[in-house]
Every structure is written in C-alpha cells, then in structure tokens.
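Scroll down for the structure; my scribbles are underneath it.
Only the coordinates and a few stated rules stand behind these numbers; no lab work does. No experiment lies behind these values; they were computed from the predicted model shown. Note that we place each Cβ from the backbone using ideal geometry, even for glycine, and neighbour counts take in every protein chain shown.
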Amino acid sequence: MNRHEFLQGLHTKLKPRTYLETGINDGKSLALSRVPSIGIDPAFAITQELQADVHLVRTTSDEFFARSEPLAHLPIPVLDLAFIDGMHLAEYALRDYLGVERFTTASSVVVFDDMLPRTIDEAARKRHTHFWTGDVYKAAEALREQRPDLIVLEVDTQPTGVVVVLLPDASRDGVLPGYDDWMDVAMAPDPQDVPQAVLTRSRALNPETLLASKGWAELRRLRGRPDTPQLRERIRAAFGDVVR
Ligand SMILES: C[S@@+](CC[C@H](N)C(=O)[O-])C[C@H]1O[C@@H](n2cnc3c(N)ncnc32)[C@H](O)[C@@H]1O
C-alpha cells in the first residue's frame, strides 16, 4: 500500500472534521481531504482538483505556526488529522509536530511521511538521491524517547514509510523537553547512523492491519469528550489489537 492509499484509508476510517498538511507540493495528498483544511507550503504548485474548503498558505510551516491564530480558517480550532510532509530535515518535522500538537485533542491523529528510509543515502541531510527522505525519522525517535505518553507507530507503506502518532497532548503547548540537546544530535553530519530497525522496517506495522484496527471507530466515538487519564486509557486500549 502506498502512502496516499494509507492516508485515504485514514480519511475514510477517521472521518476527521478538519485536516492540516505541511508540504503540499502539487496537492496529491491534499486532494484526499473532503473537510475544512489548511495546506502549507512556501512553493506549492497545485495541479490536482481540490474537493475541500481549503486555506492554502504560501509560507513555511514555522512562519505559519508562529501566527497568532493560525487555524482561523477552520470552523473549530482543532485538528482531527494532520499530515507532516514539508522540509525533509528532522528538526523541521519535529517542529511541525509540536506546532500541530497545540491544536489537537486526545482523539487527533498525526501522520509523518518519509519516516522509513531504505538506505543511508536516502536518509542524508544533504540530498543526493532521487527519492529523498532526509533524516525526518529522527523526529519519531525523539518523540519515543521524550514522550512515552504518545503512541508512535511505524507503518510499512511504499515507498518510504510513514509514522502515525496517537494520543497527542495539546497541554504540552508545543514544548518538547530536551529539544536543544536533541538538536545537537539530530544535526549530525552525513552519513547518518540510521537504526537497523528503521532500515529493515522490523517494527513497522502492515498498513492494512493498522487500518483494520477497532481503534479508529473508538477515536470517532470519543471525540469531544473531556481529556482525562481514563479517556486516554480507553484510546490506548482500543488500539490494543495492533499496538504491540
Ligand atoms: C514531498 S513534497 C509534499 C508532497 C505532498 N504532501 C504529497 O504527498 O502529494 C514536500 C513539499 O514540502 C515543501 N516544503 C519545503 N520546506 C517547507 C517548509 N519549511 N514548510 C512547509 N513546506 C515546505 C516543498 O515546497 C515541497 O512542495
């Protein structure tokens, strides 16, 4: 299954009320949305027919999230589904997550693209290959290490894998403890020391299996409930059928 088929599956299962994407390029992934949406890219050139009420923002995601009311276009100031596919460097992808997380609920879902490079060359910070993931996989490692409250799932999509993050927490207010120390490690010069588990996809879930989880329906049912430890536990339990 490719990343767009997986994303389409998420739109179908999750039925998000709102959608945001960083890095929209020609609009292929944005075209999957049918709900009020925001697409951010400093250099987009849309060639697809967009079928949603979309705010297209021609800027960087950092500038967008620095605005005072970035989600003003949406009917609710909440993101049910977000797709992070902008600049392919770890620090940009992680900042995109932290920007998105400020506008999530416990039932929101955040997807990162290009999280499973197939080779060390593909994962280079300085691009020299046709397919290029850069080192965005490090953003998931940072979340796993610093935020054990999150569910961070690698998914074996083609060509370069995605990561799904569940149970985001807006009360963190876009702050990741240890960000500055992590930056020193993240910005290591090429070649990158890509973990074997990333290269071999040994932890990655089958995308069909993940989409078949009972968890998506539960996320829809629990939308709008007060954020309590019990709510988070229910969501975690609902994905017990796929989360090891
Ligand atoms: C791989 S393309 C996106 C593909 C698209 N999401 C899809 O699946 O059809 C990456 C895009 O990120 C954009 N980009 C680069 N730097 C960015 C930034 N700082 N903020 C937002 N988008 C950025 C590029 O202009 C490019 O169009």
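Just one of the listed residues (Thr119, Thr104, Thr47, Thr22) is touching a Pro at 6+ places or on another chain (Cβ under 7 Å) and either more than 12 Å from the ligand (Cβ to nearest atom) or of a type outside the set (Gly, Ala, Ser) (or both), namely Thr104. Taking the stretch 121-143 as the range and being outside any loop (DSSP other than H, G, I, E, B) and under 15 Å from Val194 (Cβ atoms) as the test, the residues that pass are Tyr137, Lys138, Ala139, Ala140, Glu141, Ala142. Checked against (1) away from the ligand (no atom under 16 Å from the Cβ); (2) in contact with a Phe, Trp or Tyr (Cβ under 7 Å, 6 or more places away or on another chain); (3) free of Cβ contacts under 8 Å to residues at least 60 places away in the same chain, Lys13 passes all but condition (3).
Residues that are more than 17 Å from the chain's Cα centre (by Cα) and farther than 26 Å from Arg95 by Cβ number at least 2 in the following helices (runs of 4 or more DSSP H) confined to the stretch 156-244: 196-200, 207-211, 215-222, 229-238. Filtered by the rule that a residue be assigned to a loop (DSSP other than H, G, I, E, B), near the ligand (Cβ under 10 Å from one of its atoms) and touching a residue at least 24 places away in the same chain (Cβ under 8 Å), the stretch 26-44 gives Lys28, Ser29, Asp41.
Residue pairs whose Cβ atoms lie under 6 Å apart, separated by 6 or more positions or on different chains, with the first residue in the stretch 72-95 and over 20 Å from Val109 (Cβ atoms) and in contact (Cβ under 8 Å) with a residue 60 or more places away in the chain and the second more than 12 Å from the ligand (Cβ to nearest atom) and among the acidic types (Asp, Glu), are Ala90/Asp135. Considered as a group, the residues in the stretch 54-85 that are under 25 Å from Ala217 (Cβ atoms) and assigned to a loop (DSSP other than H, G, I, E, B) include one that is nearest to the ligand (Cβ to nearest atom), and that residue is Leu79.
Looking at Ala217, Ala140, Ala170, Ala204, just one residue is closer than 30 Å to Lys126 by Cβ and touching a residue at least 40 places away in the same chain (Cβ under 8 Å), and that residue is Ala204.
With the structure loaded, tell me whether Thr59 is of a type in the set (Ser, Thr, Tyr), surrounded by 15 or more Cβ atoms within 10 Å (Cβ to Cβ) and out of contact with any helix residue (DSSP H, G or I) (no Cβ under 9 Å at 6 or more places or on another chain) or whether it fails that test. No; evaluated as a whole, the condition is false for this residue. The set of residues in the stretch 162-177 being out of contact with any Gly (no Cβ under 8 Å at 6 or more places or on another chain) and either under 26 Å from Ser202 (Cβ atoms) or surrounded by 15 or more Cβ atoms within 10 Å (Cβ to Cβ) (or both) consists of Val162, Val163, Val164, Val165, Leu167, Pro168, Asp169, Ala170, Arg172, Leu176. Test Ile24 against the stated conditions and say whether it is over 29 Å from Lys214 (Cβ atoms) and in contact with a Gly (Cβ under 6 Å, 6 or more places away or on another chain). When the stated conditions are applied, Ile24 passes them. When you look at Ala93, is it under 18 Å from the mean Cα position of the chain (by Cα) and not in a loop (DSSP other than H, G, I, E, B), yes or no? So Ala93 passes the test.
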